[in-house]
1. What are the residue pairs meeting all of these: first residue in the range 4-15, first residue more than 19 Å from VAL69 (Cβ to Cβ), second residue not in a strand (DSSP E or B), Cβ atoms under 9 Å, and 6 or more apart or on different chains?
2. Look at VAL70 and say whether it is at pLDDT below 95, under 11 Å from the mean Cα position of the chain (by Cα) and not aromatic (Phe, Trp, Tyr).
3. Take the range 1-28 and flag every residue that is more than 28 Å from GLY73 (Cβ to Cβ), of a type in the set (A, V, I, L, M, F, W, C) and within 13 Å of the chain's Cα centre (by Cα).
4. Taking the condition of being farther than 19 Å from ARG18 by Cα, buried (at least 16 other Cβ atoms within 10 Å of the Cβ) and among the charged types (D, E, K, R), how many residues in the range 35-75 meet it?
5. When both residues are 6+ apart or on different chains and their Cβ atoms are under 9 Å apart, which pairs have a first residue that lies in the range 35-62 and is within 14 Å of ILE11 (Cβ to Cβ) and touching a residue at least 40 places away in the same chain (Cβ under 8 Å), and a second that is part of a helix (DSSP H, G or I) and among the acidic types (Asp, Glu)?
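The values are calculated or read from the model by the stated rules, or taken from the named source; none is laboratory data. Every value quoted in this text rests on a predicted model; they were computed, and no experiment measured them. Quick reminder, even Gly has a Cβ in these numbers, built from the backbone with ideal geometry, and neighbours come from all protein chains shown.
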Amino acid sequence: MLKVKVKANDIERLLAKRNLSHNAFAERLGISSGYMSQLVRGERYPSAELRAKILRSLRGTSFDDIFQVVDDGGD
């Protein structure tokens, strides 16, 4: 099954460029800081709704700038 994960290095760079911490960005998205950390570490996959929120919050970035599609090996 294909899933979408956050590109950790790229999201870190984009947040730093905007002077945003993980906690501040998580609050802006309406998620916990723990969940944000799991997304960045690749332990969780953002829903389509959350991906849309992330893209809206990081205006000027494209899907490919911050997400990658991966095959988790499942059926």
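1. Close Cβ pairs satisfying both conditions: GLU12/HIS22; GLU12/VAL40; LEU15/SER21; LEU15/HIS22; LEU15/ALA24; LEU15/PHE25; LEU15/LEU58.
2. No; evaluated as a whole, the condition is false for this residue.
3. LEU14, LEU15, PHE25, ALA26
4. Number satisfying all stated conditions: 1.
5. Once the first residue is within 14 Å of ILE11 (Cβ to Cβ) and touching a residue at least 40 places away in the same chain (Cβ under 8 Å) and sits in the range 35-62, its partners that are part of a helix (DSSP H, G or I) and among the acidic types (Asp, Glu) give LEU58/ASP65; THR61/ASP10.
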